[in-house]
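Visitor: Okay, handing you the structure first.
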């Protein structure tokens, strides 16, 4: 899964300006100038995306986020988050067919994104956006045909003829080779620009890469849980395998579902399911790290959230996708770009975080 909450930040509003060069960039509302240098290729594919993306798990969801229900207020907030991200130069949006669907929510996240794109393009036909979505490896879905069928349903909800990145959301109980074949078919049919996986172990990652390579198709990405306080991808070989094979690691929960923002404390634990994960005891042990994150942020004029996201980008070959539920959060994320922690700060935060036992991850990571 892939969504986190960022704390609100304050930013000065500057007038946009365009450069006369081909690499057009804007002075965004966060005061950060974003251009082609802030984009990276996903793995060995030709797809270029912004170094930071936006996760849309919460959009339409009522099972994990928005537990009080989904109404016009949440809809307007999600739309504002989308618009602020695009206007701010973060044009990589990640969703999935299961976000907000069925018993998990009120309205499918893909449907919302399709609407947001359509409405924004009425005002700006040249708007850039790169959409990533995911195939749910449900037990009753068998073979390569199931991937193409699900993709076509996603395209219908998104109201798009193709998506930029299509990913397997998690390894299936069976049929995984057929799913990989389905990804390859989607590329060859022109329905997607690039393909990836999510929650894949080192072994599965190598197998998927090899299978696609036989068809001359690069495995562009592996989307996994990765943050300053959840560094399992470094320990289980996933990060090093991504680096070795030229696969981009897309980091979901990069601010630990809001915990690294500084919003929560032992006296103020998250509500809902997150409160069972990030307990009072865990948050107590986290305080020395949070204090240092705050101090480093003050030195750079940055928030806790921006420091935590920048730390991930400093790991190289990593594209974080924090979830934005509001315009304020989206604008704050933009402020993670355009600067860099020092090597000393990166290692100091790594050392402090090593003293914290990581919380439990998504179970399918071990399949």
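Visitor: Are there any helices (runs of 4 or more DSSP H) wholly within the stretch 282-367 with 2 or more residues that are touching a strand residue (DSSP E or B) at 6+ places or on another chain (Cβ under 9 Å), in contact (Cβ under 8 Å) with a residue 60 or more places away in the chain and more than 17 Å from residue 239 (Cα to Cα), and if so which?
Guide: Per the criteria, 327-334.
Visitor: Any chance you could count how many residues in the stretch 239-263 are without any contact (Cβ under 8 Å) to a residue 40 or more places away in the chain and surrounded by fewer than 24 Cβ atoms within 10 Å (Cβ to Cβ)?
Guide: Count: 3.
Visitor: Moving to a separate point now. Report yes if residue 160 is farther than 30 Å from residue 353 by Cα, assigned to a loop (DSSP other than H, G, I, E, B) and under 22 Å from the mean Cα position of the chain (by Cα), otherwise no.
Guide: yes
Visitor: For the stretch 149-166, enumerate the residues that are buried (at least 18 other Cβ atoms within 10 Å of the Cβ), out of contact with any strand residue (DSSP E or B) (no Cβ under 8 Å at 6 or more places or on another chain) and closer than 20 Å to residue 47 by Cα.
Guide: None - no residue of the stretch 149-166 is buried (at least 18 other Cβ atoms within 10 Å of the Cβ), out of contact with any strand residue (DSSP E or B) (no Cβ under 8 Å at 6 or more places or on another chain) and closer than 20 Å to residue 47 by Cα, so the list stays empty.
Visitor: What is the number of the single condition among (1) farther than 18 Å from residue 150 by Cβ; (2) touching a strand residue (DSSP E or B) at 6+ places or on another chain (Cβ under 7 Å); (3) assigned to a helix (DSSP H, G or I) that residue 208 does not meet?
Guide: Single failed check for residue 208: (1).
Visitor: Please specify each residue of the stretch 191-205 satisfying the condition of being surrounded by fewer than 24 Cβ atoms within 10 Å (Cβ to Cβ) and either touching a residue at least 60 places away in the same chain (Cβ under 8 Å) or part of a loop (DSSP other than H, G, I, E, B) (or both).
Guide: Scanning the stretch 191-205 gives 191, 193, 201, 204.
Visitor: Sticking with this one: When residues of the stretch 267-281 are filtered for being assigned to a loop (DSSP other than H, G, I, E, B), surrounded by fewer than 18 Cβ atoms within 10 Å (Cβ to Cβ), touching a helix residue (DSSP H, G or I) at 6+ places or on another chain (Cβ under 9 Å) and in contact (Cβ under 8 Å) with a residue 40 or more places away in the chain, how many remain?
Guide: The qualifying residues number 0.
Visitor: Taking the condition part of a loop (DSSP other than H, G, I, E, B), surrounded by 24 or more Cβ atoms within 10 Å (Cβ to Cβ), at pLDDT below 55 and touching a strand residue (DSSP E or B) at 6+ places or on another chain (Cβ under 9 Å), does residue 2 pass?
Guide: yes
Visitor: What residue, of 220, 186, is touching a strand residue (DSSP E or B) at 6+ places or on another chain (Cβ under 6 Å), farther than 27 Å from residue 256 by Cβ and modelled with pLDDT of 95 or more?
Guide: None of the other options fit; the residue is 186.
The values are calculated or read from the model by the stated rules, or taken from the named source; none is laboratory data. Keep in mind it's a predicted model, so treat the numbers as computed, not measured. Here Cβ is always computed from backbone atoms with ideal geometry, including for glycine, and neighbour counts include all displayed protein chains.
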